[in-house]
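Here's the structure, in structure tokens; my notes come after.
What follows draws every value from the coordinates through simple rules; no lab data is involved. Everything quoted here is computed from the prediction, not taken from an experiment. Note that each Cβ is placed from the backbone with ideal geometry, even for glycine, and that neighbours are counted across all protein chains shown.
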């Protein structure tokens, strides 16, 4: 998993190994009509500038196709995603949100039901290709959240 908590690739690389961040991760906005968002975030460690942290994030993102997509990581991510999809059916409000979001962007009920099967068919090459295509600095937009000087 690239960015979901303290066991994720981004957290391990930026927080634990490099020590340039105190928190790091990523999230994906899946419910959109066209291209959607994959967001990466990091909070700098004391003494690390936002520019230096951004450079470190860019460096780590470049290593994802070669380092983060090992077979075990991919299988763990698939298992987690399939389980989340199945467990979400235990809650009526989750079901309503999932189906409502999917139908609002043009998906069908059958497509939503196929999510677990489709997740299982994803291959390392698919993920590496997507990472190489989308996780590049020229496609990114960076925002800095800073304390105001008052």
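Note on residue 63 and residue 30: the model spin-label points, each 7 Å out from Cα along the C-beta direction, lie 2.8 nm apart. Here r is the Cβ-Cβ distance between residue 7 and residue 126 and R0 is 22 Å; the resulting FRET efficiency, rounded to 0.05, is 0.50. Diffusion coefficient of region 73-138 by Stokes-Einstein, Kirkwood radius over Cα pairs, 10 °C, 1.306 mPa s: 118 µm²/s. Between residue 55 and residue 72, the simple spin-label model (points 7 angstrom out along Cα→Cβ) gives 3.3 nm.
Counting only DSSP H runs of at least 4 residues, each contributing -39500 (n - 2.57), and dividing by the residue count of the chain, the helix-based mean residue ellipticity at 222 nm comes to -13500 deg cm²/dmol. The angle separating the long axis of helix 92-104 from the principal Cα axis of greatest extent in the chain is about 90 degrees.
Applying 0.36 nm per residue to the separation of residue 39 and residue 83 and subtracting their alpha-carbon distance, the gain on full extension is 13.6 nm. Evaluate region 1-42: find the radius of gyration of its Cα atoms, find its Kirkwood radius, and give the ratio Rg to Rh. Taking Rh as the inverse mean 1/r over Cα pairs, Rg/Rh reads 1.10. In percent, rounded to a whole number, the relative contact order of region 9-139 is 24, using alpha-carbon pairs under 8 Å and six or more apart.
How big is the shadow of the Cα convex hull of the chain, averaged over all directions, in nm²? Averaged projected hull area, Cα only: 11.0 nm².
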